[in-house]
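For reference, the structure is listed below as structure tokens.
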Amino acid sequence: MTRVLVAYDFSPGAKAALERVDRLFPDAELCLVHAIGLPVDKLSEHAPGEPPRIPAPEDLLAASERELQAVTRQGGHSPRCQAVVRLGNPVEVIFGAAADFQPDLIVVGTHDKTAVQRLFLGSVAERIVKRSECPVLVVRGHPSKDPGAEPPHR
């Protein structure tokens, strides 16, 4: 594998996926992709009786780009690591970035969702696996404390 796209949402599952890629493909060219959808979690962060404040898309993009650039600069990643941040549905953003980057492999981490959450919300990883034209590696688990350690098996 020479080109690996990693779906990266800053979750423990995404961090575990990136760790796995770093161990399996240390010399691969990496593309970390982050999608910004509707910030539903931000809707609850307002005073009672006031309308919710949703950050401007430009502010969300700039903040996410800074965070993702910081991840690409951290030690242990391929020196050929780029960051892509786009607004939109995560699945569509990932496939759009894949069309541009042309990866040999797409890697996604999983969230520990309940069966009911998966039923109503679906799973990004599941939709990526079903629609992808290239191989997909789905990584379960949490990032290790020791970057050289294997993640715990369930």
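The values are calculated or read from the model by the stated rules, or taken from the named source; none is laboratory data. Just so it is clear, the structure is predicted and the values come from calculations on it, not from any experiment. Glycine also receives a Cβ, built like all others from the backbone with ideal geometry; neighbour counts cover every protein chain displayed. For accessibility, only protein heavy atoms count, side chains too; no ligands or nucleic acids. Shrake-Rupley method; radii C 1.70, N 1.55, O 1.52, S 1.80 Å.
Okay, residues lined up against (1) assigned to a strand (DSSP E or B); (2) under 19 Å from residue 10 (Cβ atoms); (3) at pLDDT 95 or above:
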residue: 48; (1), (2), (3): no, no, no
residue: 53; (1), (2), (3): no, no, no
residue: 59; (1), (2), (3): no, yes, no
residue: 70; (1), (2), (3): no, yes, no
residue: 79; (1), (2), (3): no, no, no
residue: 83; (1), (2), (3): yes, yes, no
residue: 95; (1), (2), (3): no, no, yes
residue: 98; (1), (2), (3): no, no, yes
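Which of the residues that make up the stretch 7-46 are among the acidic types (Asp, Glu), under 17 Å from residue 61 (Cα atoms) and modelled with pLDDT of 90 or more?
Applying the first criterion (among the acidic types (Asp, Glu)) to the stretch 7-46 yields 9, 19, 22, 27, 29, 41, 45.
From what is left, the residues that are under 17 Å from residue 61 (Cα atoms) are 9, 41.
Across the stretch 7-46, the qualifying residue is only 9.
Under 7 Å between Cβ atoms, at least 6 apart or on separate chains: pull out the pairs that start in the stretch 97-110 with a residue that is touching a residue at least 60 places away in the same chain (Cβ under 8 Å) and hydrophobic (A, V, I, L, M, F, W, C) and end on any residue that is open to solvent by 60 Å² or more (accessible area, probe 1.4 Å) and not in a strand (DSSP E or B).
Here the result reads 105/1; 105/135, each pair linking the stretch 97-110 to a residue that is open to solvent by 60 Å² or more (accessible area, probe 1.4 Å) and not in a strand (DSSP E or B).
Mind checking whether some residue in the stretch 118-129 is at pLDDT 90 or above and either in contact with a helix residue (DSSP H, G or I) (Cβ under 9 Å, 6 or more places away or on another chain) or open to solvent by 90 Å² or more (accessible area, probe 1.4 Å) (or both)? Break it down into steps so the answer makes sense when it comes.
Initially, the stretch 118-129 is screened for residues at pLDDT 90 or above, giving 127-129.
If we keep only those that are either in contact with a helix residue (DSSP H, G or I) (Cβ under 9 Å, 6 or more places away or on another chain) or open to solvent by 90 Å² or more (accessible area, probe 1.4 Å) (or both) as well, we get 127-128.
Within the stretch 118-129, one or more residues are at pLDDT 90 or above and either in contact with a helix residue (DSSP H, G or I) (Cβ under 9 Å, 6 or more places away or on another chain) or open to solvent by 90 Å² or more (accessible area, probe 1.4 Å) (or both).
Which condition from (1) modelled with pLDDT of 65 or more; (2) surrounded by fewer than 18 Cβ atoms within 10 Å (Cβ to Cβ); (3) touching an Asp or Glu at 6+ places or on another chain (Cβ under 7 Å) is the one that residue 143 breaks?
Just one mismatch for residue 143, condition (2).
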